[in-house]
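Read the figures in this text as sums done on the coordinates, not as results from a lab. Nothing here was measured: the structure is a model prediction, and the numbers come from that model. Here the Cβ is made from the backbone with ideal geometry for all residues, glycine too, and neighbour counts use every protein chain on show.
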Amino acid sequence: MHADLVFHGGAVFSDGAVSSDSVAVQAGRIVGVGDVRDLVGPETDLVDLNGRLLLPGFQDAHIHAVMGGVELGQCDLTGTTDLAEYQRRIGDFAAANPDAEWIVGGGWAMESFEGGVPRREQLDQVVKDRPVYLLNRDHHAAWVNSRALELAGITRDTPDPASGRIDRDEHGEPIGALQEGAMDLIHVPATTADERYAGLMRAQQLLHAFGITAWQDAMVCATNGYDDISDAYLKAAETGSLTATVVGALWWDREGGAEQIAELEAKRSRFTVGRLRCDSVKMMLDGIAENFTAAMTEPYRDSCGCVTANRGLSFIDPEQLPAYVSELDLKGFQPHFHALGDQAVRNALDAVEAARRANGSSDNRPHLAHLQVVHPQDVPRFEQLGATANMQPYWASHEPQMDELTIPFLDPALAGWQYPFGDLARAGARLAGGSDWPVSTPDPLQGIHVAVNRAHHGEDYAGFLPEQALTLAAALTAYTQGSAYVNRLDDTGSVRPGFRADLVVLDRDIFAAPAAEIGDAKVALTFVDGKAVYEG
């Protein structure tokens, strides 16, 4: 049979290598790689690459797509770090939405504020009459105005929750910043089902434009104060409007225990339909380094450089975690860990090791996301245990949030163990690529640029721990074959006969240009099952 589609005249990247092969597609599958002239017929659509690069569709192994899509329609503070610009956007959004009971959005950066902490007065200057709730770009803190604090009844007498912190002034008064679990004290109205579905459709369009054909959403069926976005995915899967392939990571309620596993099994069955499969479980083990809640093996420093008593937070009891993970593994779930500090990474690996001992080898493919600090003793354990290192490489660069709000407060040894992707690769670990969008850009090419250069595209900072850089081939493999492995989409991630024709064409061959120019590249075409879902 003749091919529906043939790509020719350019470079092809797959399985870590570049070739000049032609690629033929028929009925949504790759049917030929190499000399495919005998598959060309009168109805074959010939795509001349003109020297550009064809590669497998990118897959994001850790993203919050619905959340990101919803936020695109809210008060958007991304793309700037200027406080005056934040205030202008907030005021404009409030004026444009006079009937909105709450002003909701986010994307502010910690570097915009002294000590990384915003104040309510800065919001009161632009919106006094309505509550304002704005997540920072990491989504681990919220900036609120006086009206929001008043409605929540948060005063100097309100105790900090066990899983978070109310930032206060020298008199103990709340100043307008809420860290981690303290965000749950503000009861922001939930988004509507229509808003969540519209957010997913908005996100899908954007992600296809970045060459992403599949992803793992890291927080489906949330129970932690965030909106449950599972209805948006279910509607899209049932109606056929979901053109990407999505793995949903069901949220592990960190206030509960093993009793919730039966409910997770029911959710797995209910939310596995069409292009949606929900057989992963997200377990958030710790917080983030910038607000001193990431779990570390050594204590944080204070602003004077003195050792404190704080080693961060463990949101799930490390003593109970191995039993939980062993039971999930036995039930066929994939453990998906948020593990940012080196203690959290160790706790996750210990739990995976316990599951291996209890159940033997399985194909559930556990993965650890973020990996800001990894103790050198734990680096070889990824390969030994078959645990994938799910990296968000865009964060591995010098910037104010790193240089001013992270490095000065970490133990010096820990500061040098950040984002050790090079060491993990050399130790044989499987790498997957993700963005954590809307925390940072979902553009894989920007993440790949940082993975290779250890600096953001267009910035003149020196490379951050440059010995941890990856080759371009390794970084691309992480975002294609590596993430496909994590997502258990074993007929994707490579350009091979029999594989699904989830493919991307870049506007250039990034192997033929200097590494410093990777971030200049754009996606020209994105195909899912051989059908174009984006044409630039």
Taking H placed 1.01 Å from N in the peptide plane, check which residues at least 5 places from GLN26 or on another chain put their amide H under 5 Å from its amide H. ASP4, VAL31
Kindly list the residues of the range 438-478 that lie in the label zone of GLU517, defined by a backbone N under 18 Å from the point 7 Å along the Cα-to-C-beta vector. 445-446, 448-450, 452-453, 457-459, 472-473
Be a star and scan the range 254-275 for residues whose amide nitrogen sits under 13 Å from the point 7 Å along the Cα-to-Cβ vector of ALA323. 257-260
For the range 193-486, projected area of the alpha-carbon convex hull averaged over all directions, nm²: 14.9 nm²
Rounded to 0.05, the calculated FRET efficiency for the beta carbons of ALA532 and THR192 at R₀ = 41 Å is 0.80
How big is the range 1-94 along each principal axis, measuring the range of its Cα positions in Å and listing the largest first? 62, 25, 25
Residues other than PHE210 with Cβ under 11 Å of its Cβ, Lys/Arg counted +1 and Asp/Glu -1, net out at -1
Let me make sure I get this right: for the range 131-256, a, b and c are the square roots of the gyration tensor eigenvalues over alpha carbons, sorted descending. Under 1.5 in a/c it's rounded, otherwise prolate if a/b > b/c, else oblate. Which is it? prolate
Would the chain count as rounded, prolate or oblate if I go by the C-alpha gyration tensor, calling it rounded below 1.5 in a/c and otherwise prolate when a/b exceeds b/c, oblate otherwise? prolate
For the residues HIS336, HIS64, what sequence is obtained by ranking on other C-beta atoms within 10 Å, fewest first? HIS64, HIS336
Amide hydrogen neighbours beyond the local backbone of THR297, cut-off 5 Å, H modeled: ASP342, GLN343
Roughly how many nanometres apart are two label points built 7 Å out from the Cα toward the Cβ at ARG130 and LEU83? 2.4 nm
Under a plain spin-label model, where a point goes 7 Å from the Cα along Cα-to-Cβ, how far apart in nm are GLU255 and ASP490? 4.0 nm
Check: the chain dipole with +1 on Lys, Arg Cβ and -1 on Asp, Glu Cβ, in debye: 1060 debye
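Quick one: in the range 477-523, what % of C-alpha pairs are over 17 Å apart?
46 percent
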Residue span LEU46 to THR308: 0.36 nm per residue of separation minus Cα-Cα distance leaves a gain in nm of 87.9 nm
Taking the range 102-185, how much of its Cα-Cα pair set, in percent, is spaced more than 20 angstrom apart? 23 percent
Counting GluC sites (Glu not before Pro) as exposed when in a DSSP loop with at most 13 other beta carbons within 10 Å, what is the longest stretch of the chain free of them? 320-458
Whole-Hz Karplus couplings 3J(HN,Hα) for the range 264-271, θ = phi - 60° and coefficients 6.51, -1.76, 1.60, Gly and Pro as x, run 5, 4, 5, 5, 4, 5, 5, 9
Using θ = phi - 60° and Karplus 6.51 cos²θ - 1.76 cosθ + 1.60, couplings along the range 496-503 (whole Hz; Gly, Pro as x): 9, x, x, 7, 4, 8, 8, 9
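Largest first and in whole Å, what are the equivalent-ellipsoid semi-axes of the range 333-400 based on the Cα gyration tensor, each being the root of 5 times an eigenvalue?
In descending order the semi-axes read 23, 12, 9 Å.
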Apply the Karplus parameterisation 6.51 cos²θ - 1.76 cosθ + 1.60, with θ equal to phi minus 60°, to every residue of the range 145-157 and state each ³J(HN,Hα) to the nearest whole Hz, in sequence, with x for glycine and proline. 9, 5, 5, 5, 4, 5, 5, 7, x, 8, 10, 5, 8
Which value, in Å³ per residue, describes the convex hull spanned by the Cα atoms of the range 255-333? 115 Å³
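Please arrange ASP184, ASP38, ASP502 by counting, for each residue, the other beta carbons lying within 10 Å of its beta carbon, fewest first. Walk me through the intermediate numbers first.
Working: ASP184 17, ASP38 10, ASP502 30.
Sorted ascending by nearby Cβ count, the order is ASP38, ASP184, ASP502.
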Which entries in the list LYS282/LYS531; LYS235/LYS267; LYS282/LYS331 go over 20 Å, if you measure between the two C-alpha atoms of each? LYS282/LYS531
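Hey, could you grab the Kirkwood Rh for the range 370-492? Inverse mean 1/r over distinct alpha carbon pairs, Å, one decimal.
The Cα-based Kirkwood calculation yields 14.6 Å.
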Could you work out [θ]222 nm for the chain from helices alone, using -39500 (n - 2.57) per DSSP H run of at least four and dividing by all its residues? Round to the nearest 500 deg cm²/dmol. -7000 deg cm²/dmol
